[in-house]
Each structure stands twice: as structure tokens, then as C-alpha cells.
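The values are calculated or read from the model by the stated rules, or taken from the named source; none is laboratory data. None of the values given here were measured: they were computed from a predicted structure. In this analysis, Cβ positions are derived from the backbone assuming ideal geometry, glycine residues included, and neighbour counts consider all displayed protein chains.
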Amino acid sequence: MMTVLMVIFFIMFFFGALSFIFSYKHLLNMLLSLEFMVLSLFIILFFYLNFFNFEQYFSMFFLVFSVCEGVLGLSVLVSMIRSHGNDYFVSYSFLQC
């Protein structure tokens, strides 16, 4: 039963990575697929730590850092939308200041 769940969560991580690779034009889609990958990693880590009876503090630290990563990504998205007007990567010229 445990191996079936781990395979399902690894497939979830793989689909999150595929959606991250194929949504390179929109920053919001990239951030959503990154959060999906982080949540699937959290679930894998949680089940792994429960299986070996380790302490759960490491998974709590991981969850806190993933929330901080999500907030940082959303703040970058909001600042880009306020300065440029959209979240398309193809319409930006990063060589200009």
C-alpha cells in the first residue's frame, strides 16, 4: 500500500515538472506548477518520515520554507505585472533597464 502511494506521488511530481517545463511563457502558470511540485515533495517527505518513525519537525521546516518561496514568487509576479502590465515572458526585454 505504501509503495503504491509513493508511486502516485512521484507521478504527481513528474506531471508538475512537465507542466513547469511546458508553461514557460506565463509566470503564474510556472509558479502554480512549482507549488504543485513542492506540495507533492512535502507529501512524499511526510510519508517517508512516518514510515521510518522520524520526527516531524523537518517536514514542518520544509513546509515553512515552501510557503516563503510561494510568497516570494507572488511578490515577484505582482511587481512584474505592476511595472510591465502582464506576465508574458516573451514580451519582456531583459537587456533593457
Counted residues, the stretch 71-97 - those being assigned to a helix (DSSP H, G or I), modelled with pLDDT under 90 and either surrounded by 14 or more Cβ atoms within 10 Å (Cβ to Cβ) or aliphatic (A, V, I, L, M) (or both)
7
Tally of residues being in contact with a Phe, Trp or Tyr (Cβ under 9 Å, 6 or more places away or on another chain) and modelled with pLDDT of 85 or more across the stretch 1-28:
7
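Among the residues in the stretch 31-39, are any at pLDDT below 80, in contact with a Leu (Cβ under 9 Å, 6 or more places away or on another chain), surrounded by 13 or more Cβ atoms within 10 Å (Cβ to Cβ) and farther than 30 Å from Met2 by Cβ?
Taking the stretch 31-39 and keeping what is at pLDDT below 80, we get none.
No, the stretch 31-39 contains no residue that is at pLDDT below 80, in contact with a Leu (Cβ under 9 Å, 6 or more places away or on another chain), surrounded by 13 or more Cβ atoms within 10 Å (Cβ to Cβ) and farther than 30 Å from Met2 by Cβ.
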Of everything in the stretch 43-60, what is in a helix (DSSP H, G or I) and either surrounded by 10 or more Cβ atoms within 10 Å (Cβ to Cβ) or touching a residue at least 12 places away in the same chain (Cβ under 8 Å) (or both)? Give them in sequence order.
Ile43, Ile44, Leu45, Phe46, Phe47, Tyr48, Leu49, Asn50, Phe51, Phe58, Ser59, Met60
